[in-house]
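Comments concern the structure below.
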Amino acid sequence: MEAEGCRYQFRVARLGDAAVGKTSLLRSYVAGAPGAPQPKPEPTVGAECYRRTLQLRAGPRVKLQLWDTAGHKRFSCITRSFYRNVVGVLLVFDSFEHIQDWLQEVMATQGPDKVTFLLVGHNSDLQSTRCVSAQEAEELAASLGMAFVETSVKNNCSVDLAFHALTDAIQQAL
Ligand code: GDP
């Protein structure tokens, strides 16, 4: 897991239903600032890979390899092969309907206790129209043994925080 100049390199993916804001969240984090140019991914079939380095408050520098996998069924075999080696997953939702399906998708390839999840309530700027309250999401996250963060790309709210929280949790689980 060691990477040049960094103590760790973590492979991270994001999961969730279509159009929930997964790609926007990832690209916004990699771009680093609102209005910054869109990051260019490294070319890969069925997925896009981005990198960003961050410094954890507790000390170590970490390189993140961030995988934005295609949601289309055509790519599902390829997508699964990416889950196989991830150590962290952002589970992005706007309803709870498929949360268990997404968890099982990762567990099926990875086995339990190997992946650290973060539950992400995206589009927090639209919270008043969302069908899940922050409290319900907190409770679900606690019952699944993961942290919960609300994010918005539109309001640039907690985007960095979400990736830092996941990275912190991965490091603590090592
Ligand atoms: P994905 O299919 O889950 O990767 O979703 P996308 O990243 O393609 O985003 C789906 C739609 O949600 C796009 O029209 C985005 O502009 C919009 N979107 C993304 N993030 C936000 C956000 O934080 N707030 C709002 N209001 N819309 C967002």
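Taking the stated definitions as given, is Val89 open to solvent by less than 80 Å² (accessible area, probe 1.4 Å), outside any strand (DSSP E or B) and modelled with pLDDT of 80 or more?
Values: open to solvent by less than 80 Å² (accessible area, probe 1.4 Å): yes; outside any strand (DSSP E or B): no; modelled with pLDDT of 80 or more: yes.
Spelling it out, it is not the case that Val89 is open to solvent by less than 80 Å² (accessible area, probe 1.4 Å), outside any strand (DSSP E or B) and modelled with pLDDT of 80 or more.
Within the stretch 144-156, identify whether any single residue is within 16 Å of the ligand (Cβ to nearest atom), in contact with a Cys (Cβ under 8 Å, 6 or more places away or on another chain) and open to solvent by less than 30 Å² (accessible area, probe 1.4 Å), and answer yes or no. Yes. Listed by first and then second residue, the pairs with beta-carbon distance under 7 Å, at least 6 apart or on different chains, first residue in the stretch 8-20 and under 24 Å from Leu126 (Cβ atoms) and in a loop (DSSP other than H, G, I, E, B), second modelled with pLDDT of 90 or more and within 10 Å of the ligand (Cβ to nearest atom), are Val20/Val92; Val20/His122. Scanning the stretch 21-35 for residues that are open to solvent by 30 Å² or more (accessible area, probe 1.4 Å) and part of a loop (DSSP other than H, G, I, E, B), which turns out modelled with the highest pLDDT? Restricting to residues being open to solvent by 30 Å² or more (accessible area, probe 1.4 Å) and part of a loop (DSSP other than H, G, I, E, B), the top hit is Gly32. Within this structure, Gln110 fails the test of being at pLDDT below 90 and open to solvent by 60 Å² or more (accessible area, probe 1.4 Å). Of the set (1) surrounded by fewer than 18 Cβ atoms within 10 Å (Cβ to Cβ); (2) assigned to a strand (DSSP E or B), all apply to Asp101 but (2). Screening Ala162, Ala141 for residues that are out of contact with any helix residue (DSSP H, G or I) (no Cβ under 7 Å at 6 or more places or on another chain), open to solvent by less than 20 Å² (accessible area, probe 1.4 Å), within 15 Å of the ligand (Cβ to nearest atom) and not charged (D, E, K, R) leaves exactly one candidate, Ala162.
The values are calculated or read from the model by the stated rules, or taken from the named source; none is laboratory data. No experiment lies behind these values; they were computed from the predicted model shown. Don't worry about glycine lacking a Cβ; one is built from the backbone with ideal geometry, like all the others, and counts go over all protein chains shown. When the accessible area is computed, the model is the full protein with side chains, heavy atoms only, and any ligands, DNA or RNA have been set aside. Shrake-Rupley method; radii C 1.70, N 1.55, O 1.52, S 1.80 Å.
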